[in-house]
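Heads up: the structure comes next, in structure tokens.
Readers should treat all values here as calculations from the given coordinates under stated rules, not as data from a laboratory. If you're wondering where the values come from, they're calculated on a predicted model, not measured in any experiment. Neighbour counts are summed over all protein chains in view; Cβ atoms, including those assigned to glycine, are modelled from backbone coordinates with ideal geometry.
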Amino acid sequence: MSRKGIVFDIQRFSVNDGPGIRTTIFMKGCYLRCPWCHNPESISPKIQLKYNPRKCTACGKCVKHVNGDGIKIINNQLSIDFNKHDQNFELVNVCPNNAYETYGKEYSSDELIEIIIKDIDYYNVSGGGVTFSGGEAINQFEFIKEVSIKLKEIGIHICLDISGYDPENQIEKSIEFIDEYLLDYKLTEKESYKKNIKREFDFYKVIEVLKNHNKSTILRCPIIPSVNDYEDHFKAICKISNDYENIRYVDILPYHSLTKMYKFKYINKHKKYEVPNKDMKELWKKILKENYLKNGYLENEII
């Protein structure tokens, strides 16, 4: 019997999550609480109810279904208490306008593989494959292991996107079935991790594991104004790029604002930050060049 996992999105023909043309599988569940997270719907490990106000006509059928408990119409707009209705999937069938859907779907490993292999010709031609992202994909370790081993039997390249938070040492256990890692480097000071993402962990512990196993790694560096856009952080990125030969390249990822069409139960507190302008990005590039960044890219352009 094949294992089952919870996926919240499948993106075919992806070109930004590893080499070649890829299918990116976004898994549900994440231990981190990054306030700048661009996939807050991925944080909960559970399937969740989501609501699209653009499809809603305020017909009142959902209000009637729950007897007004947690769903009300105020000024011709729906007000939903997601603490009460996060798991109320009956509403999907109650709404005549399809305003309710779900974040997350359960797949067996065989069902997911059937979707993935549809594009095997594109993987072969482009040197692409599959990337497991999230959320934190490694939280569903046994599921991605089973899928990956079956895919590798037919020659499909596997990438794993990881935050570096690895309390159960699963990254080392994944070495046998992962070809390349996409490793986040978010912050330089250890105390900043506890302050900003509510977890403590040692980035260097993980990158040393990947280095010792000579695993190809893409270093992904989200840059958040007022959080980590300072010179010492950029210098640390440059040093890592030169100290670890297994890093294939460094991807500098500027913060961009988050707009979600759907409403749902947020697990973490989300904040808005300044969106970096051209001058800010040029300053970043200047600092990175002066500190000898190795194989760096910003928005797909060589630094």
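Any chance you could run the full-extension gain for Q11 through D81? It's 0.36 nm times the residue separation minus the Cα-Cα distance, nm to one decimal.
Details: separation 70, 0.36 × 70 = 25.20 nm, distance 3.01 nm.
22.2 nm is the gain from fully extending Q11 to D81.
Compare the Cα positions of I158, F201, L258 along the charge dipole of the chain (+1 at Cβ of Lys, Arg; -1 at Cβ of Asp, Glu; about the Cα centre) and return the one farthest towards the positive end.
Ranked along the dipole, the leading option is L258.
Are there any GluC sites (Glu not before Pro) in segment 157-259 that are in a DSSP loop and have at most 16 other Cβ atoms within 10 Å? List them by number.
Here the sparse-neighbourhood loop sites are E168, E176, E189, E200, E245.
Under the 0.36 nm per residue contour assumption, what length would be gained going from the current alpha-carbon distance of I302 and E282 to full extension?
Gain in length upon complete extension: 6.0 nm.
Give a quick list of chymotrypsin sites (Phe, Trp or Tyr not before Pro) in segment 204-303 that DSSP marks as loop, anything other than H, G, I, E or B, with at most 15 other Cβ atoms within 10 Å. Kindly include the intermediate steps, with their values, before the conclusion.
Values: sites: Y204, Y230, F234, Y244, Y249, Y255, Y262, F264, Y266, Y273, W284, Y292, Y297; in loops: Y230, Y244, Y255, Y262, F264, Y266, Y273, Y292.
Within segment 204-303, the qualifying chymotrypsin sites (Phe, Trp or Tyr not before Pro) (loop, at most 15 other Cβ atoms within 10 Å) are Y230, Y266, Y292.
Using all C-alpha to C-alpha distances in the chain, build P(r) with 20 Å bins and read off the rounded percent in each one.
In order of increasing distance, the bins hold 30, 54, 15, 0 percent.
Can you list residues whose amide H is under 5 Å from L182's amide H, if they're 5+ apart or on another chain and H is modeled 1.01 Å from N?
L160, D161, I162, I218
Treat each spin label as a single point 7 Å out from the Cα along the C-beta direction, and report the K173 to E142 distance in nm.
That separation, rounded to one decimal, is 0.9 nm.
Could you size up the charge dipole of segment 48-103 around its Cα centre, putting +1 on the beta carbon of Lys and Arg and -1 on that of Asp and Glu, and report it in debye to the nearest 20?
200 debye
Per residue of segment 164-169, in order, report the coupling 6.51 cos²θ - 1.76 cosθ + 1.60 (Karplus, θ = phi - 60°) as ³J(HN,Hα) in whole Hz, putting x for Gly and Pro.
Computed from phi, the couplings for segment 164-169 are x, 7, 9, x, 9, 6 Hz.
Using the scaling law 2.2 N^0.38 Å as the reference, what is the normalised Cα Rg of segment 48-103? Walk me through the numbers before you get to the answer.
Values: Rg = 9.9 Å, N = 56, 2.2 N^0.38 = 10.2 Å.
Cα-based Rg divided by the globular estimate yields 0.97.
Which of the trypsin sites (Lys or Arg not before Pro) found in segment 221-282 are loop residues per DSSP with 11 or fewer other Cβ atoms within 10 Å of their Cβ?
Numbers: sites: K235, K239, R248, K260, K263, K265, K269, K271, K272, K278, K281; in loops: K260, K265, K269, K271, K272.
Here the sparse-neighbourhood loop sites are K269, K272.
Rounded to the nearest 500 deg cm²/dmol, what is the calculated helix-only ellipticity per residue at 222 nm for the chain, with -39500 (n - 2.57) per DSSP H run of length n ≥ 4? Don't skip to the end; give the middle numbers.
Details: 11 runs with 90 residues, N = 303.
My calculation for the chain gives -8000 deg cm²/dmol from helical runs alone.
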